[in-house]
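**Student:** Let me begin by handing over the structure; questions about it come next.
The values are calculated or read from the model by the stated rules, or taken from the named source; none is laboratory data. Just so we're clear, the structure is a prediction, and the values are computed from it rather than from any experiment. All Cβ positions, even for glycine, are placed from backbone atoms using ideal geometry, and neighbour counts span all protein chains on display. When the accessible area is computed, the model is the full protein with side chains, heavy atoms only, and any ligands, DNA or RNA have been set aside. Shrake-Rupley method; radii C 1.70, N 1.55, O 1.52, S 1.80 Å.
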Amino acid sequence: MKRLPIFIMAASFVCGVAMADTLKLREDNIPQIVSAMTLEEKAHLVVGADMKKIAAGGEVGDTEKVVPGAAGVTYPIPRLGIPTIVMADGPAGLRIKPIREGDSNTYYCTGFPVGTHLAATWNDEIIYRVGQAMGEEVKEYGVDILLAPGINIMRNPLCGRNFEYYSEDPLLAGKTAAAIINGVESNGVGTSLKHFCANNQEINRLANDSRISQRALREIYLRNFEIAVKDSQPWTIMTSYNYLNGRYTSEDKGLLEDVLRGEFGFEGMIVTDWGGGLDAAAQMAAGNDMIQPGEPRHIDVIINAVKNGTLKEADLDKCVARILELIVKTPRFKGYKFSNKPDLKAHAAVTREVASEGFVLLKNDDKALPMASGATVALFGVGSYDFIAGGRGSGDVNKAYVVDMHEGMISNGIVLDKKLDDYYMAYMERERKRIAPLDEHRRWTHYTLRPNEIRDPRQLVEGSAERADMAVITFSRNSAEGFERHVNRDFNLRIDETALLNEVSRQFRSAGKKVVVVLNVCGPVEVASWRDKVDAILVCWMPGQEGGNSVADVLLGKVSPSGHLPMSFPIRYADVPSQNFPVDVPETGLNQSFENYSTKYKYYDQPNIDYTNYTEDIFIGYRHFATRGVEVAYPFGHGLTYTDFELSGMKVKQGKDGKIAVTCKVTNTGSRAAKQVVQLYSTALYPDHERPLLELRGYSKTPTLQPGQSCNVDIAITTDDLAIFIEEESAWKVVAGDYRLSLGFSSGDLRANSELFIPNTSVRKVTDVLKPTDGKLFIE
Ligand code: BGC
């Protein structure tokens, strides 16, 4: 190094101190800040700042720093004016600790309906309002980023985290996500769209390799993210835990830089899932900007990689710059004085409204519902008394209360069969006492035990058919992060539940009285074998803290259900196309994902655990059932209301610019007010590649229509929406030819159609970066 004269050295030293004192992060000086940062500071910033717990083998996603119970914080660098920002889960509301030591205030958050339930509304406007309310809690509790929404595709109905997710269809999932993201971010706080991508099972999720064809990736598993990014540009995206075609998603530059940023146009920051991936330096090089919650060794790995040249400092700088770009947008950076007093009362009203909007009425023979006013109800099933408002794990919300069915019915004036109710109340008290000690040591990611149904249903039901005018039975299903659901005791009704159902049905029906089943579930359950024994089935999902009130609103007919299934309800589990899935893996009492399979190294020994071949390709859900003519119990998009609707006057207008405008008229021909969902599906009539018979291309929910009232419905799509992904050409192709567009109220209830001719083939090439490195798609 060339020696400088002493006076110049002294001058630059003074200047350096002055710079460090005055240079503070602003929106317009990010490049300058990056150049002023030391390598150590950069390595700290890209790694989360609460590593103590994970280093000690503790829970991930639960920090005590800044906002207790949040999932993670970032590293502050005060000398450059870089504050800590706070990230907390999602997606059914904000998850933070409700009680703090030495503080008499409480910090409860609103428990909204779970993701599946929101998607079942098919109503972007109401989902946006839910987002607005959630975002207000994020902002007022001093959090900067909500780690939601989760939009992984429901490839298999048993996936334990499906309750957080939206649909088996990428369009519905993508649009629902965009609505919630836009709602949350309207508060000036961020979201984290997760888990990018192909994280469709819980067992061995830290190391399972999803083996997926390019076509299925493009048309299904990436399409939802593409739609959400283009429609809402979330502040951040969270990569997933799994491998995809042999590479960790968080270490896959092709996936993150070429596809997500390059093709989809994502402009924000990318963060790992908590503890995801293996190689910190590879994550930086891939453009995965931040590692959460991070481990001390990650910092050393990054510093050493820059020093030894395996990680370019310029790549690290890009990650640092994107984190700073995120930080300058946050309320914390802007010095927002949060109140810790969000409007929980107003949000309770939002959750009550959205929950009833998403309920799906599967069947309603002879207008069994709404119930006659003043009718006495015999309320059965432990689920009526121990209602499930949401799922377990990071998607749980610490809510102040849950209105269960029993409470909701009574407080809304529904008269219950008192003798039966008293019997249940005493029984539940005993069951709760039995279960409490068994549940005491369960961690927040674990299932809690459920009460058993009352043992002798014949004796239980005896007499209630004389005392009551109708029966309501609730069956509930729990679900938790890290576990899969089971076929026998979960997808299928259990023996004690079937016994109860049979007895209630026999005694009430022979007395000429109606039987209603409420399904308090997180996804499909088997219904085909027992549905004829009951008059109505209402799916109320996991409806959030006001659930019991929302159910009462619908039973009483104050609101007509207008939700539609965001997934198909198969007749039996064996009909599900994704049979490569870890089914009924024995439980050891441990969290199947965290403790049973904690290694992150790739093994290819156990199919569906170490790796999962997506051999069904694009044919999941209704794409399979409709195309192959497999009968379902209830099709994708199904949902009844308390009235009848007619769809008429379908028109299709093709513009020269590729725009296609589809219009129709919907009329309420029944006797009650309700909303209806119009769904638009496409069919390629003479395809030269195998294509699904039906694909959802658009949808629109009407406003509430009074009896006799009509409204016009417009659904706009483009010819690009009809494209197929051609693997051999690495291109999306709109193939010239004949197409049918169909409108209806479900994929199994199409009321009108119109054919159109697309005159020219158009091709959009994409980057070919997602293929398995070893050239072989499926592991044998
Ligand atoms: C989950 C994420 C969550 C994170 C932080 C992880 O285990 O997969 O969805 O946001 O924890 O709690």
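**Student:** Among what's in segment 413-432 and is assigned to a helix (DSSP H, G or I) and open to solvent by 50 Å² or more (accessible area, probe 1.4 Å), pick the residue that is nearest to the ligand (Cβ to nearest atom). Let's see the steps before the verdict.
**Tutor:** Initial filter on segment 413-432 (assigned to a helix (DSSP H, G or I)): 418-432.
Checking which are open to solvent by 50 Å² or more (accessible area, probe 1.4 Å) leaves us with 418-419, 422-423, 425, 429-430, 432.
Details: 418: 44, 419: 45, 422: 42, 423: 41, 425: 36, 429: 34, 430: 35, 432: 28 Å.
Checked segment 413-432; the qualifying residue nearest to the ligand (Cβ to nearest atom) is 432.
**Student:** Next question. In this structure, does residue 249 turn out to be within 13 Å of the ligand (Cβ to nearest atom), hydroxyl-bearing (Ser, Thr, Tyr), surrounded by 24 or more Cβ atoms within 10 Å (Cβ to Cβ) and within 21 Å of residue 615 (Cβ to Cβ)? Full working, then the answer.
**Tutor:** Working: within 13 Å of the ligand (Cβ to nearest atom): yes; hydroxyl-bearing (Ser, Thr, Tyr): yes; surrounded by 24 or more Cβ atoms within 10 Å (Cβ to Cβ): yes; within 21 Å of residue 615 (Cβ to Cβ): yes.
Answer is yes for this residue.
**Student:** Can I ask one more? Going through segment 233-246 one residue at a time, which ones are open to solvent by less than 10 Å² (accessible area, probe 1.4 Å) and either more than 18 Å from residue 604 (Cβ to Cβ) or of a type in the set (Asp, Glu) (or both)?
**Tutor:** Passing the criteria: 234, 236, 237, 238, 239, 240.
**Student:** Now a separate question. Please go through segment 561-614 and pick out each residue that is outside any loop (DSSP other than H, G, I, E, B), among the small types (Gly, Ala, Ser) and surrounded by 14 or more Cβ atoms within 10 Å (Cβ to Cβ).
**Tutor:** Filtering segment 561-614 down to residues outside any loop (DSSP other than H, G, I, E, B) leaves 569-570, 573-575, 607, 611-613.
From what's left, among the small types (Gly, Ala, Ser): 574.
Across segment 561-614, there are no qualifying residues.
**Student:** Which condition from (1) in contact with a strand residue (DSSP E or B) (Cβ under 8 Å, 6 or more places away or on another chain); (2) outside any helix (DSSP H, G or I); (3) of a type in the set (A, V, I, L, M, F, W, C) is the one that residue 319 breaks?
**Tutor:** (2)
**Student:** Any idea which of (1) part of a helix (DSSP H, G or I); (2) of a type in the set (D, E, K, R); (3) open to solvent by less than 70 Å² (accessible area, probe 1.4 Å); (4) at pLDDT below 95 is the one residue 386 doesn't satisfy?
**Tutor:** Result: residue 386 fails condition (1) only.
**Student:** With the requirement that a residue be assigned to a helix (DSSP H, G or I), out of contact with any strand residue (DSSP E or B) (no Cβ under 6 Å at 6 or more places or on another chain) and within 19 Å of residue 323 (Cβ to Cβ), what does segment 230-255 give you?
**Tutor:** Kept after step one, since they are assigned to a helix (DSSP H, G or I), are these residues of segment 230-255: 230-232, 249-251, 253-255.
From what is left, the residues that are out of contact with any strand residue (DSSP E or B) (no Cβ under 6 Å at 6 or more places or on another chain) are 230-232, 251, 253-255.
Once the filter is applied, which keeps residues that are assigned to a helix (DSSP H, G or I), out of contact with any strand residue (DSSP E or B) (no Cβ under 6 Å at 6 or more places or on another chain) and within 19 Å of residue 323 (Cβ to Cβ), segment 230-255 yields 251, 253.
**Student:** Quick check on my filter: what residues within segment 615-667 are among the small types (Gly, Ala, Ser), open to solvent by less than 20 Å² (accessible area, probe 1.4 Å) and touching a Gly at 6+ places or on another chain (Cβ under 8 Å)? Walk me through how you get there before you give the answer.
**Tutor:** Of all residues in segment 615-667, those among the small types (Gly, Ala, Ser) come to 621, 626, 629, 633, 637, 639, 648-649, 655, 658, 661.
Checking which are open to solvent by less than 20 Å² (accessible area, probe 1.4 Å) leaves us with 621, 633, 637, 639, 658.
Passing the criteria: 637, 639.
**Student:** Which condition breaks for residue 489 when tested against (1) open to solvent by 10 Å² or more (accessible area, probe 1.4 Å); (2) assigned to a loop (DSSP other than H, G, I, E, B); (3) away from the ligand (no atom under 16 Å from the Cβ); (4) modelled with pLDDT under 95?
**Tutor:** Only one criterion in (1) open to solvent by 10 Å² or more (accessible area, probe 1.4 Å); (2) assigned to a loop (DSSP other than H, G, I, E, B); (3) away from the ligand (no atom under 16 Å from the Cβ); (4) modelled with pLDDT under 95 is unmet by residue 489, namely (2).
**Student:** Does residue 680 qualify as being surrounded by fewer than 18 Cβ atoms within 10 Å (Cβ to Cβ), aliphatic (A, V, I, L, M) and touching a residue at least 60 places away in the same chain (Cβ under 8 Å)?
**Tutor:** Details: surrounded by fewer than 18 Cβ atoms within 10 Å (Cβ to Cβ): no; aliphatic (A, V, I, L, M): yes; touching a residue at least 60 places away in the same chain (Cβ under 8 Å): yes.
No.
**Student:** Identify the single condition in (1) open to solvent by 10 Å² or more (accessible area, probe 1.4 Å); (2) part of a helix (DSSP H, G or I); (3) within 16 Å of the ligand (Cβ to nearest atom) that residue 66 does not satisfy, given that it satisfies every other one.
**Tutor:** In the conditions (1) open to solvent by 10 Å² or more (accessible area, probe 1.4 Å); (2) part of a helix (DSSP H, G or I); (3) within 16 Å of the ligand (Cβ to nearest atom), residue 66 misses (2) alone.
**Student:** Evaluate the following for residue 395: is it in a loop (DSSP other than H, G, I, E, B), closer than 24 Å to residue 163 by Cα and open to solvent by less than 10 Å² (accessible area, probe 1.4 Å)? Full working, then the answer.
**Tutor:** Details: in a loop (DSSP other than H, G, I, E, B): yes; closer than 24 Å to residue 163 by Cα: yes; open to solvent by less than 10 Å² (accessible area, probe 1.4 Å): yes.
So residue 395 fits the description; yes.
**Student:** Just the residues that are open to solvent by 10 Å² or more (accessible area, probe 1.4 Å) and over 23 Å from residue 600 (Cα atoms), please, taken from segment 252-263.
**Tutor:** Listed by number, the residues that qualify are 257, 258, 261, 262, 263.
**Student:** With the condition being open to solvent by 40 Å² or more (accessible area, probe 1.4 Å), I'd like the strands (runs of 3 or more DSSP E) fully within segment 708-780 carrying at least 1 qualifying residues.
**Tutor:** On the way: elements: 710-718, 724-726, 731-734, 737-746, 749-758, 762-765.
Ranges flagged: 710-718, 731-734, 737-746, 749-758, 762-765.
**Student:** Also, I was wondering about something else. Given the options 435, 473, 495, 410, name the one that is without any contact (Cβ under 8 Å) to a residue 24 or more places away in the chain, open to solvent by less than 20 Å² (accessible area, probe 1.4 Å) and under 33 Å from the mean Cα position of the chain (by Cα).
**Tutor:** Values: 473 fails: without any contact (Cβ under 8 Å) to a residue 24 or more places away in the chain; 495 fails: open to solvent by less than 20 Å² (accessible area, probe 1.4 Å); 410 fails: open to solvent by less than 20 Å² (accessible area, probe 1.4 Å).
Answer to the selection: 435.
**Student:** Next question. Looking at segment 133-161, which of the residues that are open to solvent by 10 Å² or more (accessible area, probe 1.4 Å) and within 27 Å of residue 641 (Cα to Cα) is nearest to the ligand (Cβ to nearest atom)? Walk me through how you get there before you give the answer.
**Tutor:** Residues of segment 133-161 that are open to solvent by 10 Å² or more (accessible area, probe 1.4 Å), as a first pass: 136, 139-140, 154, 157.
Narrowing the set further to residues that are within 27 Å of residue 641 (Cα to Cα) leaves 154, 157.
On the way: 154: 16, 157: 20 Å.
Among those that are open to solvent by 10 Å² or more (accessible area, probe 1.4 Å) and within 27 Å of residue 641 (Cα to Cα), it is 154.
**Student:** With the condition kept exactly as written, say whether any residue in segment 187-201 is over 30 Å from residue 330 (Cα atoms), within 16 Å of the ligand (Cβ to nearest atom) and not β-branched (Val, Ile, Thr). Full working, then the answer.
**Tutor:** Step one: of segment 187-201, the residues over 30 Å from residue 330 (Cα atoms) are 200-201.
From what is left, the residues that are within 16 Å of the ligand (Cβ to nearest atom) are 200-201.
Filter once more, so that each one left must be not β-branched (Val, Ile, Thr): 200-201.
Yes, that holds for at least one residue.
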